[in-house]
1. Compute the accessible area per residue over the chain, keeping the other protein chains in place, probe 1.4 Å, unit Å².
2. If the cut-off is a Cα-Cα distance under 17 Å, which aspartates and glutamates reach LYS361, setting aside same-chain residues fewer than 8 apart in sequence?
3. Considering only DSSP beta bridges whose two residues both sit in the chain, what percent are antiparallel, to the nearest 5?
4. Using only Cα atoms, locate the centre of the range 510-524 and the centre of the range 247-282, then give the distance between them in Å, rounded to an integer.
5. Could you work out the helix-only [θ] at 222 nm for the chain, with each DSSP H run of four or more residues adding -39,500 (n - 2.57) and the total divided by the number of residues, to the nearest 500 deg cm²/dmol?
6. Quantify, in whole percent, the carbon and sulfur part of the accessible surface of the chain (1.4 Å probe; protein heavy atoms only).
7. Trypsin sites (Lys or Arg not before Pro), restricted to the range 226-295: which are DSSP loop and have at most 11 other Cβ atoms within 10 Å?
8. Determine the distance separating the Cα centre of the range 143-197 from the Cα centre of the range 38-59; give it in Å without decimals.
Amino acid sequence: QTVNTRLGAANPLGYSSAGVAIAVGGLVEGINPGDRVACGGVGYANHAEFAVVPKNLAVRVPDNVSDEMAAFATLGAIALQGVRLADPKLGETVLVLGLGLLGQITVQLLRANGCRVFGTDLDPALVALCEKFGATGLPSADVEVTCRELTGGHGVDSVLICAGTSSNQPIELCGRVTREKGRVVVVGAVRMDIPREDFFKKEISVVISRSYGPGRYDPHYEENGNDYPFAYVRFSEQRNMETILSLIANGSLDLKSLITHRFELDQAVAAYALIEGQKQEHYLGIVLNYAEGQDVYGSTREVSRILVTSEPINRARIGVSLVGAGNYATASLLPVLKVQENIELRGLVTASGRTAAGVAKQFGFSFCASEFDDVIGADTDAVVIVTRHNTHADYVCRALRAGKHVYVEKPLAMRIEELAAVGCAFAEAGERQLMVGFNRRYAPLTAKVRNYFAGIRSPKIVNIRVNAGYIPHEHWIQDPKTGGGRVIGEACHFIDLASALVESPPASIHCSGVRNTAAPLLNDNVCMSLLFQDGSLANVIYVSDGPKALRKEYVEVFGGGRAAIIDDFLEVRLYQGDVSCERVKLAAQDKGQRNMLLAWISGMRNGNPAMDFRTTMAVSAAAVCAVESMTIGQPIAIGPWLWGEEAVTAAAAAAVA
């Protein structure tokens, strides 16, 4: 389902553009509304009438550089980064393999740097073109012999591979034509089975160029706008783009000669047909142009809601709208909601909008929209929130105040202040219901264990070991502002599971993390000790450093002379006395997603919430306090004061009045 959803969704194209800034953020420097800008970045500088671009991926265009030339700034930065990694010296000889758009720009940059440049390509027309820019064109069949002859038998100082091919021939050729202690920089996508003999004997350095330059793939730089210090990173991704524009401005870089085609936006299909080879025609640089004179501040509300079906809304069903349509939503939630007879999927909003139409058609939504407010109107009875963690509390509050039932993926909130706001909104909402996606309490094996311990009054002890696996620090969940770390964002699942197994809310928590370089908020190797209101205890060991061969989740429950083990939600073993009582093994793992949604739907229909609100709040507060406990090295009591009991009570009284 995940693969089919991804393949069926539309994807944005393009990553190098230029236009006019219609608005700028409050911390953006050097760009003002009305300035012409060049923009870069996959997911930002796409083919679109409007783009929202982080400040480090946009640069101001010099007055004597046209929009058409500026649109090549990102492509130029890719070529420039390859040249910088080759570290060419004045007078050195450099071979450029592959003379497409990047190769031709690379040739010009090397010539501007004072290098002797050789260029080769399978296409003779491209070889001839590079000679216009001062390079020596080499037919592909004569490269090795000619390089040896023209360098006195030494070989070239460096090679930049700008080709794109699955063949290993380019990297093999590099070993034969490069001098001892020479350099090879891979800019294009080529096969890299490096032949050891040539590279070892000559001690040739090989480096793969990382796209536009320092900052690429660094979310702190690209998404959060944190620049590198000028003194330590002289040429960042953004400064490479600025350099390209300055070279165009002073005449050192000729891009106009590289443009072979221009298309209006409504002819984009024809442009891509050319690239895909459907039209047998020579091409190099292709520019897409947008119509000028549009009213950029005109009303967009008319198109913010796009109808997917003409079928009338069935008011007899619960109208569910969705915010966010990532892998979890499309693989685990929507397939369940889609087949429920008493549910009708109404509105869909996604962060970028690019996946909305495909997902809406696949699962039968009535409409897709661009804003959260568009799905909390009269057409919606309940909202499913499956967005990034930093948006959860705000969306929950807005949905509850709009009179909607809410399902929100964990965590409910990232800070105690957010929990207080949720508590107030819930009190004001009256009969509206709130469910957090703590699915494991609804798993069939969890229910089996709870039934096994039913009637036992004595406190229980629970041990939960989670072999969570490694997530890179660059992942959004590891971002303090967006994801909040894995304790708040993921380990909360197991605080709730322990609460469900002992059937009592947490009363205090003490969390310790492995003493490594990770800050408490981002530490994902922790031990949590929980005391529950009924006197039960739980230990949760959450580990990211374990082996993949070990199953992920292992749960033990003890109490009243009984014990139970849940092994990765595939198997449960029940014990009493000297022998085991029962063993149940499922055909497939079931962590309770379907049962959870059915319980939420049932609660909305019969008015009985599937999960106690105060338990939800206590579990959510415990997850937040787990991080706080690591910072002070002490246990923290989980009480109503944590989420503003007085505020909740006052709001409830006001709502009644």
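The values are calculated or read from the model by the stated rules, or taken from the named source; none is laboratory data. None of the values given here were measured: they were computed from a predicted structure. Because the Cβ atoms are built from the backbone with ideal geometry, glycine has one as well, and the counts that use them run over all protein chains shown. Accessible surface is based on the protein model in full, side chains and every heavy atom, while ligands, DNA and RNA are left aside. Shrake-Rupley method; radii C 1.70, N 1.55, O 1.52, S 1.80 Å.
1. Ligands and nucleic acids excluded, the result is 46 Å² per residue.
2. GLU311, GLU344
3. Values: 50 of 104 bridges.
Percent antiparallel among DSSP bridges in the chain is about 50.
4. 52 Å
5. Values: 20 runs with 197 residues, N = 657.
Calculated at 222 nm, the ellipticity per residue is -9000 deg cm²/dmol.
6. Numbers: 15880 of 30500 Å².
Ligands and nucleic acids excluded, carbon and sulfur reach 52 percent.
7. On the way: sites: ARG234, ARG239, LYS256, ARG262, LYS279; in loops: ARG234, LYS279.
The qualifying sites are ARG234, LYS279.
8. What the calculation gives is 34 Å, centre to centre.
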